[in-house]
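The values are calculated or read from the model by the stated rules, or taken from the named source; none is laboratory data. Note that the structure is predicted; figures quoted are calculated from it, not measured. No Cβ is skipped: glycine too gets one built from the backbone with ideal geometry, and neighbour counts run over all protein chains shown. Each accessible area value is taken on the protein alone, full model and side chains, heavy atoms only, with ligands, DNA and RNA left out. Shrake-Rupley method; radii C 1.70, N 1.55, O 1.52, S 1.80 Å.
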Amino acid sequence: MPTQIKFGTSGWRAVMAEEFTFENVRRAVTGIAAYVASQKPKGARVLVGRDPRFLGETFCAMAADILMSRGIAPLIVPDPAPTPAFAHAVVANKADGVINFTASHNPPEYNGIKFSTPDGCPALPEVTKKIEAEIVAADQSGSSSAPTPASAKKDSLDPKPAYLKRLGEIIDLNAIRQSGINIAFDPMWGAARGYSDELLRSAGLQVATVHDYRDVLFGGHAPEPDDHLLEDLRKKMKETGAQIGIATDGDADRFGIVDADGTFLQPNYIIAILFDYLVESRGWKNGVAKSVATTNLINALAKHHDVPLHETPVGFKYIGELIMQDKIAIGGEESAGLSIRHHVPEKDGVLAGLLCCEAVAKRGKSLGEQLKAISNQVGSFFPQRENFRLTPEVKGKFTEKLKSDPKEFCGHPVDQVVRTDGLKLVFSDGSWVCYRLSGTEPVVRVYTEARSERGLEKLGTVAKNWIFE
């Protein structure tokens, strides 16, 4: 029985040599090729690229052969490139999709396939369901293991110049240069190497880097720009006197930001700061989007600036749709993904870091100082995310529990029940808890937010107890 290939919020990911095998990659790409051919029977072109993971070049070559055998011309990107650069390139080159071999911020033993549609968006569920159906159909007919001779020609494409040019139009590089700030950059051995730093240096800026070489093991841990993995960036900031440290994950769709004093600013706060900054600097008030699990500091700022708010399910594809409709100035998720108006409908960690540099340069204040000013205007918010592993018995009971609409939660009256994604309970003091079951492992993600640190501590304990009681 072949392995079932399921595309989640950001494609299909699996451990190499377990489920991510040559055979299963062949099946997945065959399904994508069949879907693309169904949308455009003649003359289709698909970008094929990767992050720097192990065997990425080999997987790209395989994918190109499969596409050509089905009459689809592959546009092969020779070097690792950021996911947002692919999103920009598919639109700029009027291609019919992107096959990107990446497992993003997952540990080094993983790889994955992310398919993006011609609009640059991550494939929506209605598309990925069709791809999954095509994989099953090919398995049943035996066509996934019997490619025919090539009936289309391949070509190569470098997305870097056009993507960096676009970022140069969005970001005020002159303001950053004139401010005289020093910047440190950590690409975490990933796809943004030669992107963020090259653009800043081209504008005459001082940029120091760490982890700026290929390492398919990513230093022995996940290429995730989270607080505990950014010590080397902090050291480089001290060495060089940098006012800001910017980092990206394995495929550069996520960001991590370190302030001048070495404080890691969680993504919830970065999205809020940049929303406030874009309203001030660009005058954009068309809207703001956040996932249901992202801080209500965004809600408070939206009310303060009189900007329409959109709350989406988790998964950037939903925010991407709003960007394409020009309904929002910025959209973000607490998991470190954001993009802005007139840009790609995809998470862009390169853009996020550069915008933070611009905000520090133009406002003449550290990000921490900017956050304090925002809190003085709309109040303080303290968000947190925790993961809890569940036994099959606990998961079964808890899954049933999530179907209820509780009127009270451990003694707290529930003001509002939100089912945009999972179960979110909002309380009268503005605090809330949100539970989401993982689709890939026996884990529940618990998001909590309170208006004080002590309140968060209490709510976090209560939220955990509710799972297991």
Here is a list of conditions, (1) open to solvent by 10 Å² or more (accessible area, probe 1.4 Å); (2) at positive phi, and residue 97 meets all of them except one; can you say which number that is? (1)
Quick one: count up the residues across segment 5-32 that are free of Cβ contacts under 8 Å to residues at least 60 places away in the same chain and either crowded, with 23+ Cβ neighbours inside 10 Å or in contact with a helix residue (DSSP H, G or I) (Cβ under 9 Å, 6 or more places away or on another chain) (or both). 1
Could you tell me whether residue 250 is open to solvent by 40 Å² or more (accessible area, probe 1.4 Å) and either over 27 Å from residue 315 (Cα atoms) or not polar (S, T, N, Q) (or both)? no
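Kindly indicate whether any position in segment 70-81 is open to solvent by less than 10 Å² (accessible area, probe 1.4 Å) and closer than 29 Å to residue 439 by Cα.
Yes, some residue in segment 70-81 is open to solvent by less than 10 Å² (accessible area, probe 1.4 Å) and closer than 29 Å to residue 439 by Cα.
Could you check segment 442-469 and list, in sequence order, the residues that are in contact (Cβ under 8 Å) with a residue 12 or more places away in the chain and either basic (Lys, Arg) or more than 30 Å from residue 377 (Cβ to Cβ) (or both)? Full working, then the answer.
If we filter segment 442-469 for residues that are in contact (Cβ under 8 Å) with a residue 12 or more places away in the chain, which is where we start, we get 442-453, 455-456, 459-460, 462-468.
Those that are in contact (Cβ under 8 Å) with a residue 12 or more places away in the chain and either basic (Lys, Arg) or more than 30 Å from residue 377 (Cβ to Cβ) (or both): 442, 443, 444, 445, 451, 464, 465, 466, 467, 468.
Please find, within segment 314-338, the residue that is modelled with the lowest pLDDT out of those that are over 16 Å from residue 247 (Cβ atoms) and touching a Gly at 6+ places or on another chain (Cβ under 7 Å). Before you say what the answer is, go through the steps one by one.
From segment 314-338, those over 16 Å from residue 247 (Cβ atoms) are 314-334; that's our starting set.
With touching a Gly at 6+ places or on another chain (Cβ under 7 Å) added as a condition, the list becomes 316, 319, 322-323, 327-329.
Details: 316: 91, 319: 95, 322: 96, 323: 96, 327: 98, 328: 98, 329: 98.
Checked segment 314-338; the qualifying residue modelled with the lowest pLDDT is 316.
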For segment 339-361, what are the residues that are of a type outside the set (Val, Ile, Thr) and either over 22 Å from residue 243 (Cα atoms) or open to solvent by 10 Å² or more (accessible area, probe 1.4 Å) (or both)? 339, 341, 342, 343, 345, 346, 347, 361
Name the one entry in 151, 202, 179, 141 that is open to solvent by 70 Å² or more (accessible area, probe 1.4 Å) and in contact with a Lys or Arg (Cβ under 8 Å, 6 or more places away or on another chain). 151
The listed residue being open to solvent by 20 Å² or more (accessible area, probe 1.4 Å) and under 18 Å from residue 154 (Cα atoms), out of 43, 49: 43
With respect to residue 220, is the statement that it is open to solvent by 50 Å² or more (accessible area, probe 1.4 Å), small (Gly, Ala, Ser) and either closer than 26 Å to residue 374 by Cα or under 23 Å from the mean Cα position of the chain (by Cα) (or both) true? yes
Picking from 281, 335, which residue would you name as being under 21 Å from residue 248 (Cβ atoms) and either polar (S, T, N, Q) or open to solvent by 40 Å² or more (accessible area, probe 1.4 Å) (or both)? 335
Residues being at pLDDT below 95 and surrounded by fewer than 18 Cβ atoms within 10 Å (Cβ to Cβ) - total across segment 120-135: 3
Please report, ordered by residue number, the strands (runs of 3 or more DSSP E) entirely within segment 362-469 with at least 3 residues that are open to solvent by less than 10 Å² (accessible area, probe 1.4 Å). 423-427, 432-437, 443-450
Pairs needed: first member in segment 185-206, within 12 Å of residue 357 (Cβ to Cβ); second member anywhere, among the small types (Gly, Ala, Ser); C-beta distance under 6 Å; at least 6 residues apart or different chains. 185/196; 196/353
